[in-house]
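Written below as structure tokens is the structure these notes are about.
The values are calculated or read from the model by the stated rules, or taken from the named source; none is laboratory data. Note that the structure is predicted; figures quoted are calculated from it, not measured. Here the Cβ positions follow ideal geometry from the backbone for every residue, glycine too, while neighbour counts run over all protein chains shown. Heads up: the accessible areas ignore ligands, DNA and RNA and are worked out on the full protein's heavy atoms, side chains in. Shrake-Rupley method; radii C 1.70, N 1.55, O 1.52, S 1.80 Å.
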Amino acid sequence: MPARSLDGRWFGAFEIPPGARGRWEIGALAMCVERAVGEWRIWHSHAPVDPGLPDRALFAPDLGPTPEQALQRYVVDDLHPELRLTPLLPDRSVVARPVSPLFVPAGESARLYVGIPLWLRLEVGSRAPYQTLLELPTVRLSDTWFGLTPMVGELCYALKTRCRLALDPAQQLPYRATVPLVIRNRFREPLALERVNVPVRQLSLYAAPGGALWANELTLERDEEGSLAALRFGPAAPVEAAGAEEVARPRDPTSRRAAIRSFSALFQS
Amino acid sequence: MPTWSEIGTWLGSGQWWGLARAVLILLIGLIAARVLASAAARMLVARLDAHRTLIARRAVFYLIAGLTVTTALHQLGFNLSVLLGAAGVVSLAIGFASQTAISNLISGLFLMGERPFGIGDMVRVGATIGEVLSIDLLSVKLRTPDNLLVRIPNETLLKSEVTNLSRFPIRRIDLTFGIARKEDIGRVRALLLELADADPMCLEEPKPLFIIVGFGAASVELQFSVWARRENFLELKNGMLQAIKRRFDQEGIEIPFPHVSLYAGSGSEPIPVRFVPPPPVDPAGG
């Protein structure tokens, strides 16, 4: 069995005939899939979140599960041997918090790059629409609450990010999507970027020719009164990912307009 | 038993027509009441919750049924003003007798308007915690976690403190324990924050809270509060306490059990203890 997917990437369609198995290690996720007669067997576990997590999206055919992994069995009639691994953005908004405080002075604008750990969707079936067996995060992010009070708000994932201003290809991990964030501050006071709610459910996922994964560019503008003047989603892949193809549609494409109603819903300081 | 001729006279007099009209009005009225009540319920189900829809449906039915019965009685020739007079006296008597029930009814209406909780919410009333099964006219029924049914009169609910554990999506877990006085409080704080950070169920924000409650008799009393989704409350509480115990054992941090130190005076020497052997037993018994 080949060590990459059928199109040569770490994700995509993998051929796993009955009796065969394979193990993946992607980010903190360790997963083993075995094809038995009439069922798919999946074991998975997550390593604790570690800042020094290696750059890995590995697939080893014929390796089995490790003892700490729990088994889940999926009964599927279709004998088609392909397992599709589709990368996805997380199922909740991600609150990105800069590791060190970041300020955008009055009149300035900044282009930041935030790396969002991806989820994986496992699908089987001979033709679209495929049957989804499971969705797993590559990194188990911590829960967090985003709201002005504990009564009203939204449950999100928390991400500590370096909010890079320059793109470093070496820092682009294969299981992370880079979201370019353009922030324009037209207010007279500097904008303290303590946390940003990135609405990933409204973003598409693109794969650039080199293999890096990207999401739509987000533009946030703070107007002269200090409230949100504009929140714009880039219509296609960002400029840094020229020639990228869309690998996953947004989870909530129709709610883009309703996504953010106030500045304080994105920036909370 | 009326004779055939009496029946014939009655039929011929036209009175049967009044009876037939009354029966017809009753039948049509009750059917119409049923149909209109269902229609009202269907219209309102999108806007109101299940409980209120049921109340509205019953109200429409009884209103139309009441009007129908009144009209039917009028057709039969009853003088309604006499009936109303009698009803007034009867209701006064019933009113005095059923003060508690009426109070519960009115309290129920106020509770419905205020909506401190809904069906499915976990509430705490006094020492009772339970899931709200139904909010009825006179009482609220709860199901306790050990699967018992508790009936609480609406009047009690209106007069006492009710805590709704399901109103908000996130909840704070307060963990209280003491550490030995010799421990470094700063180090303990750093360890606890590390443990909270490592647990994905523990919300990053609102941030965990570390409070030194005070100096106890044998320890330094601490409170460490973490936030979690309401659904994860118990799991995170258990998980955090286990993790704290495990880590404290690893780091050698003591959670002391109550103990008392004895001093003979300031800067005193240890209190001497001398073992006195038991007196020998006299075999002669003298």
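Computed values, structure above
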{"item": "Residue ranges of strands (runs of 3 or more DSSP E) in region B:112-194 with at least 1 members acidic (D, E)", "result": "B:128-135, B:170-179"}
{"item": "Scan of region A:137-146 for residues that are within 9 Å of chain B (Cβ to nearest Cβ) and open to solvent by less than 40 Å² (accessible area, probe 1.4 Å), ordered by number", "result": "A:L141, A:S142, A:D143, A:T144, A:W145, A:F146"}
{"item": "Elements of type strands (runs of 3 or more DSSP E) contained in region A:46-144, each with 1 or more residues being aliphatic (A, V, I, L, M), over 24 Å from B:V226 (Cβ atoms) and out of contact with any Gly (no Cβ under 6 Å at 6 or more places or on another chain)", "result": "A:57-61, A:70-75, A:82-88, A:102-104, A:109-117, A:119-124, A:131-137"}
{"item": "Inter-residue pairs, beta-carbon under 7 Å, first at the interface with chain A (Cβ under 9 Å from one of its Cβ atoms) and in region B:168-182, second open to solvent by less than 10 Å² (accessible area, probe 1.4 Å), 6+ apart", "result": "B:I170/B:L203; B:I170/B:A228; B:R171/B:A228; B:R172/B:S225"}
{"item": "Tally of residues being surrounded by 10 or more Cβ atoms within 10 Å (Cβ to Cβ) and either out of contact with any helix residue (DSSP H, G or I) (no Cβ under 9 Å at 6 or more places or on another chain) or touching a residue at least 60 places away in the same chain (Cβ under 8 Å) (or both) across region B:139-161", "result": "10"}
{"item": "Of all residues in region A:167-209 being in a loop (DSSP other than H, G, I, E, B) and without any contact (Cβ under 8 Å) to a residue 40 or more places away in the chain, the one that is least open to solvent (accessible area, probe 1.4 Å)", "result": "A:A208"}
{"item": "Check on B:R229, of a type outside the set (S, T, N, Q), open to solvent by 20 Å² or more (accessible area, probe 1.4 Å), in contact with a helix residue (DSSP H, G or I) (Cβ under 9 Å, 6 or more places away or on another chain) and within 14 Å of another protein chain (Cβ to nearest Cβ)", "result": "yes"}
{"item": "Enumeration of residues in region B:37-58 that are open to solvent by 60 Å² or more (accessible area, probe 1.4 Å) and part of a helix (DSSP H, G or I)", "result": "B:R42, B:M43, B:A50, B:R52, B:L54, B:R57, B:R58"}
{"item": "Considering residues of region A:147-156 that are hydrophobic (A, V, I, L, M, F, W, C) and in a loop (DSSP other than H, G, I, E, B) only, the residue farthest from the other protein chains (Cβ to nearest Cβ)", "result": "A:L148"}
{"item": "Flag if B:A190 is more than 29 Å from A:K160 (Cα to Cα) and either exposed (fewer than 15 other Cβ atoms within 10 Å of the Cβ) or away from chain A (no Cβ under 14 Å) (or both)", "result": "no"}
{"item": "Sole exception among (1) over 25 Å from the mean Cα position of the chain (by Cα); (2) open to solvent by 20 Å² or more (accessible area, probe 1.4 Å); (3) modelled with pLDDT under 85 for A:P105, by number", "result": "(3)"}
